[in-house]
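The values are calculated or read from the model by the stated rules, or taken from the named source; none is laboratory data. On a predicted model such as this, the values are computed, not experimentally measured, just so you know. FYI the Cβ positions are ideal-geometry reconstructions off the backbone, even for glycines, and counts take in every protein chain you see. Heavy atoms of the whole protein, side chains included, go into the accessibility calculation; ligands, DNA and RNA do not. Shrake-Rupley method; radii C 1.70, N 1.55, O 1.52, S 1.80 Å.
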Amino acid sequence: MSILDKLNESQRLAVEYCDGPELVIAGAGSGKTRVLTYKIAYLLQQADFDLAPWNILALTFTNKAANEMKQRIGEIVGNHVAGRLNMGTFHSVFSRILRCEADRLGYTSNYTIYDETDSRSLITSIVKEMGLDDKLYKAANIRHQISIAKNRLVSADQYATIKKALEADTNNKIPRFQNIYKRYEERCRNSNVMDFDDLLFNTYLLFKSHEDVCDKYASLLKYILVDEYQDTNYAQQCIIYQLAQKNRKLCVVGDDAQSIYAFRGANIDNILDFNKLYPEQKTFKLERNYRSTQTIVEAANSLISHNERQIHKDVYSKNDEGSPLKLCVCISDKLEAMEVCNEIKRLKRAEGCGYDSFAVLYRTNAQSRCFEEEMRKEAIPYKIYGGLSFYQRKEVKDVLAYFRLVVNPNDDEALRRIINYPTRGIGTTTIQKIAATATDHNVSMWEVVSDTAAHSLNINKGTASKLANFANFISSFIEKVETSDAYALGQSIVAASGIFTDI
């Protein structure tokens, strides 16, 4: 029995075509993950393709999607084979490439990756150093604008030459944005740091400026598959194009009607204009919805039909007609919460179900408050899913900051976080002096702390002694990085730093 026997006709045709660029337009609930899973298994099972697992690159948008897909592929071809696939999110896959090739861009392989909090903290420091109004130059807004620029592959130097961008900044009362961007870029490089956007931006630069590196990975990654292609941004599209040029074996799966992440940089034109970038491409459509009732599919189709630009498809369902849809328009968030709670109580009474049968979905975490207040008022038990990630908790970020500094001593934000935690008597004024001196000498804060005399840091003997003790403390663990495993080193750092006694 062939694995293709488990697919419907449209799915099978999409899986079997492997001769060139391929666009699979998959309506909601039509089995796009199934197609990707079986296509990878099909590629591995066909001797004619001569593909080893590591010759296949599969890009997803979440680690969960990658892990689930790899598990399904393992059930077909074996986990030992699936485990050797180059599969993961854009950022995780390109991060691994950058670790190997970091020196080509002037980084070392132990570079640190800043998360959103780290980036905002650095921007806050830069705004303060430049004497700018933090109410106008809000860290979150500046970070978002830098992210947009990087995802459009615009460096700080290039940004400074774009007249329209500079005029817009002036109109928005942030004329110094270009200077902040430039300093942010410099500080990250001096600290051997990349933010999440750099993982894309720097990969593109790596392939563009080093053709031999691009050719190496294009030769290795002979077949490329991309999930949720409608959510890719300009940088992601360009990197895929760089890697696909050698073999022209590319399969992208997505649905233009499900593109909702323009605010995060997603470019709907990537999927709509796929045929312009790859003229020889073939398009396959998955139009049967296995998930929803006929009523829901017809309602969705009626809305999608109004899209000005779209790749036409006739999505249908063979499921039952289903219950009619109910639209409730509320004039306020409080009234909305009341309506939802009243409906929960009504359905519970009418159908005799428990509270655990209901789920309330909302767009942002901020919207949960009204629902919580109303449910408390009506004595409806509830549980909120999501919230603060484990890795965003203070105590976890503190420990990780020690790790980061030991692995990459030039990580300024890690140093800022733990130089006086637990308390060592190194105050804010001293930290500001260290930062200013580092900026003046165009070096990292660690280099200043490591040799205060050489950098003429203006501090008294007592403070100099405290900084020396801190530098020696961190240095003692830096020496162990190559000989100790992460678990043993982590235990030593946590115990010696005194974090346990502070929690």
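Table for the structure above
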quantity	calculated
Residue-normalised accessible area of the chain, given per residue in Å² at a 1.4 Å probe	53
Net lengthening on full extension, Tyr17/Glu479 (0.36 nm per residue, minus Cα-Cα)	161.0 nm
Sparse-neighbour loop sites [trypsin sites (Lys or Arg not before Pro); region 241-309; at most 11 other C-beta within 10 Å; DSSP]	Arg309
Overall Cα dimensions of region 367-453, principal axis frame, Å, largest first	66, 26, 24
Neighbourhood net charge (10 Å Cβ-Cβ; Lys/Arg +1, Asp/Glu -1) for Ala401	0
Rough spin-label spacing in nm, given labels placed 7 Å along Cα→Cβ, for Ile162 and His306	3.1
Calculated FRET efficiency for the pair Asn247/Asp356, C-beta based, R₀ 45 Å, to 0.05	0.35
Region 154-191: trypsin sites (Lys or Arg not before Pro) in DSSP coil with no more than 14 other Cβ atoms inside 10 Å	Lys173
Cα Rg, Dmax (largest Cα-Cα span) when computed across the chain, Å	26.7, 80
Loop chymotrypsin sites (Phe, Trp or Tyr not before Pro), region 324-397 (other Cβ atoms within 10 Å of the site Cβ: 16 or fewer; DSSP)	Phe358, Tyr362, Tyr382, Tyr385
Percent accessible area from carbon and sulfur atoms, region 89-233, protein chains only, probe 1.4 Å	50
Crossing angle, helix 32-45 versus the chain [Cα axis fit, 0-90 degrees, rounded to tens]	80
Equivalent ellipsoid dimensions for region 397-503 as semi-axes, Å, which come from the Cα gyration tensor, largest first	23, 15, 12
Spin-label pair Leu220/Glu68, simplified geometry with 7 Å Cα→Cβ offset, distance in nm	2.9
Extension gain, Asp314 back to Arg264 (0.36 nm per residue minus Cα-Cα distance, nm)	15.1 nm
Whole-number D in µm² s⁻¹ for region 224-313, Kirkwood Cα-pair radius fed into Stokes-Einstein, 10 °C, 1.306 mPa s	110
Most to least accessible of His144, His80, His210 (protein chains only, probe 1.4 Å)	His80, His144, His210
Percent carbon-and-sulfur accessible area, region 1-49, ignoring ligands, DNA and RNA, probe 1.4 Å	43
Carbon + sulfur, % of accessible area of region 256-355 - ligands and nucleic acids excluded, 1.4 Å	51
Whole-number percent relative contact order across the chain, with pairs defined as alpha carbons under 8 Å at least 6 apart	16
Pairs from Lys150/Lys480; Lys32/Lys318; Lys208/Lys276; Lys70/Lys249; Lys135/Lys466 whose Cα-Cα separation, in the structure shown, is over 26 Å	Lys150/Lys480; Lys135/Lys466
Where labels lie 7 Å past Cα in the beta-carbon direction, separation of Ala140 and Ala488 in nm	4.5
4 °C / 1.567 mPa s Stokes-Einstein diffusion coefficient of region 139-224, Kirkwood radius on C-alpha pairs, µm²/s	90
For region 312-411, projected area of the alpha-carbon convex hull averaged over all directions, nm²	13.2
Of Ala414, Asn365, Ile426, farthest towards positive along the dipole that unit charges on Lys, Arg, Asp, Glu beta carbons give region 333-435	Ile426
